[in-house]
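Below is one structure, written out as structure tokens; the observations come after it.
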Amino acid sequence: MTIKTPVTIAYGDGIGPEIMTATLKILEAAGVQLAPEVIEVGEKVYLQGNTTGIPDSAWESLKRTKVLLKGPITTPQGGGYKSLNVTLRKTLSLFANVRPSVSYYPYVPAKCPNIDLVIVRENEEGTYTGIEHRHTDDVFQCLKLVTRPGCERVIHYAFEYARKHNRKKVTCMTKDNIMKMTDGLFHQVFNELAADYPDIQNEHYIIDIGAARLATQPEIFDVIVTTNLYGDILSDVAAQIAGSVGLAGSANIGNHMALFEAIHGSAPDIAGKKLANPSGLLNGAIQMLVHINQPERAALIENAWLKTLEDGLHTADIYSPERSKKKVNTDEFADAVIARLGQKPAHFKPVTYRSDVPANIECYGEYKSTTAKKELVGVDLTLDNPRLTIDELALILGKLTTRLKPVVISSRGLKVWPKSMIDAPYTQHCTCRFQSAEDVKYLTPITQETIIQVMQELTQLGMDIVKTENLYTFDGKLGFSLMQGQ
Ligand code: NAD
């Protein structure tokens, strides 16, 4: 008796039901052995008043199956709804988002016919922690959190992935010339781990030039590892220049769970019209089959899919009168793939997946415990300041009786006091840095009580403190950035 693999299925929103139905039809025709558990997540659940978009029963299914094949989800705008995709990735600890981009030229028109790369995107942190605050009438904040274990896991994964899939090079992309601490950590961990893989080339690009090169010379890249936001943007660029966002699938990988989907969204503009290309979700499902150890079925389906592209049966998003034979709808495309099961592509190299090598790569991060000596040396207090000029504010701060003194006032990271060269352009939201001495290099440890005293005195002076950020040193090294101009 064949044992069927339990898999949780979410049809999703917009074009989700159409492309999921097409995908499952192909899987079934290929003899894939699945025991599907269907869950309801997304728009309907949000609109029933559940701001997470996922009911408890769905979590129960995921705990059982540990594998989710998911259609795209629409997150309703406004109303405080949190993105279900981000919730799933974080709750299930799916730390690596693996997005292959391949061109199917000449059958699918492509800006860059030579593209064949994989983007490994950090999937749990960075700006996608979604921690945002409003400080004043005009000022909003988004926190970018980067952890060493988070960097270690995804970068380790990228190198292991490269080794397992015979890729030659891993490129890291960050913006560490500006974000020296957060992106700087990602780059530093990349350099540390790269040393353990002498058989794989490594390099680093600043994200802006890296993105420009990706859009114009994608053939120079092999595996790219990057942070959450950059990876999200880069992978759409890569998919688009390879032909269509409708073609690419993605795997969200954790050590114990995995989620497979298309990279595109719910495409409300074409939902219900049977125009959608099911290939992105099908490619996600193929990644899932490799993951659940059905590699022969994965290859069977991928080869039939490649043959369908070669035969010129194309959905509207990739149709061109010169290269396509027939414009087909979602269901007709699925039927065309089914009709080609067992056939191999003639132009593209037929796909094989090894059954002797387990697909899973487990990466835990070393969780290096920090042995640094951490000392509290000051505080940044951010004020909602609609009335006072910077000189008036400085005068008030000078009245404080505590041993902490203001050393710098900044606005959006730019020093505006003391000795600013220009009139401060914006001072309604300003951060006052307090340390025990005026010379910031003289980092005298202070106590939490002193900070509380400063806050009490400032409040009594009528100041509105909207944010407090402690300043630490680690083994004497600054654990905070200086202000521009400081
Ligand atoms: P989108 O990817 O849904 O659509 C962008 C464009 O690509 C549209 O013109 C659309 O018609 C086209 N397109 C997308 N998939 C296609 C396919 N399979 N076949 C043919 N054409 C396709 O992006 P969007 O419009 O920015 O977002 C719509 C919704 O999807 C939003 O609510 C967004 O939050 C959500 N979204 C969900 C996911 C996910 O669930 N993983 C990812 C991205 C966006």
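Would you pick out the residues in region 51-84 that are assigned to a helix (DSSP H, G or I) and open to solvent by less than 30 Å² (accessible area, probe 1.4 Å)?
58, 61, 62, 65, 84
With respect to residue 322, determine if the residue is among the acidic types (Asp, Glu) and assigned to a loop (DSSP other than H, G, I, E, B).
yes
On the given criteria, is residue 301 within 20 Å of the chain's Cα centre (by Cα) and more than 10 Å from the ligand (Cβ to nearest atom)?
no
For region 266-290, which positions are within 6 Å of the ligand (Cβ to nearest atom), within 22 Å of residue 252 (Cα to Cα) and assigned to a loop (DSSP other than H, G, I, E, B)?
Across region 266-290, the qualifying residues are 266, 267, 277.
Between residues in region 47-71 that are closer than 29 Å to residue 247 by Cα and residues that are more than 16 Å from the ligand (Cβ to nearest atom) and assigned to a strand (DSSP E or B), which pairs lie under 7 Å by C-beta distance while being six or more apart or on different chains?
Matching pairs, first to second residue: 61/37; 65/6; 65/7; 65/37; 67/7; 69/7.
Which residue is farthest from the chain's Cα centre (by Cα), if the candidates are limited to region 306-319 and must be farther than 11 Å from residue 348 by Cα and touching a residue at least 60 places away in the same chain (Cβ under 8 Å)?
312
Restrict the check to region 21-38 and report whether at least one residue is under 26 Å from the mean Cα position of the chain (by Cα), part of a loop (DSSP other than H, G, I, E, B) and at positive phi.
No: region 21-38 contains no residue that is under 26 Å from the mean Cα position of the chain (by Cα), part of a loop (DSSP other than H, G, I, E, B) and at positive phi.
Within region 10-59, work out how many residues are more than 21 Å from residue 301 (Cβ to Cβ) and in contact with a Phe, Trp or Tyr (Cβ under 6 Å, 6 or more places away or on another chain).
3
Checking the condition more than 15 Å from the ligand (Cβ to nearest atom) and either within 20 Å of residue 277 (Cβ to Cβ) or at pLDDT below 95 (or both), which residue from 17, 106, 76 passes?
Checking each option against the conditions leaves just 106.
Anything in region 119-144 that is β-branched (Val, Ile, Thr), open to solvent by less than 30 Å² (accessible area, probe 1.4 Å) and within 14 Å of the chain's Cα centre (by Cα)? List them, or say none.
119, 120, 129
What's the number of the only condition in (1) aliphatic (A, V, I, L, M); (2) within 13 Å of the ligand (Cβ to nearest atom); (3) modelled with pLDDT of 95 or more; (4) out of contact with any Lys or Arg (no Cβ under 6 Å at 6 or more places or on another chain) that residue 318 fails to meet?
Exception for residue 318: condition (3).
Just checking, does region 82-96 include any residue being away from the ligand (no atom under 13 Å from the Cβ), under 10 Å from the mean Cα position of the chain (by Cα), at pLDDT 90 or above and in the same structural domain as residue 321 (by TED's automatic domain parsing)?
Among the residues of region 82-96, at least one is away from the ligand (no atom under 13 Å from the Cβ), under 10 Å from the mean Cα position of the chain (by Cα), at pLDDT 90 or above and in the same structural domain as residue 321 (by TED's automatic domain parsing), which makes the answer yes.
Could you tell me how many of the residues in region 212-257 are outside any helix (DSSP H, G or I) and away from the ligand (no atom under 14 Å from the Cβ)?
Number satisfying all stated conditions: 13.
The values are calculated or read from the model by the stated rules, or taken from the named source; none is laboratory data. Please read all numbers here as calculations on a predicted model, not as lab measurements. All Cβ positions, glycine included, derive from the backbone under ideal geometry; neighbour counts span all protein chains shown. For the accessible areas, the whole protein counts, side chains as well, though only heavy atoms, and no ligand, DNA or RNA atoms are used. Shrake-Rupley method; radii C 1.70, N 1.55, O 1.52, S 1.80 Å.
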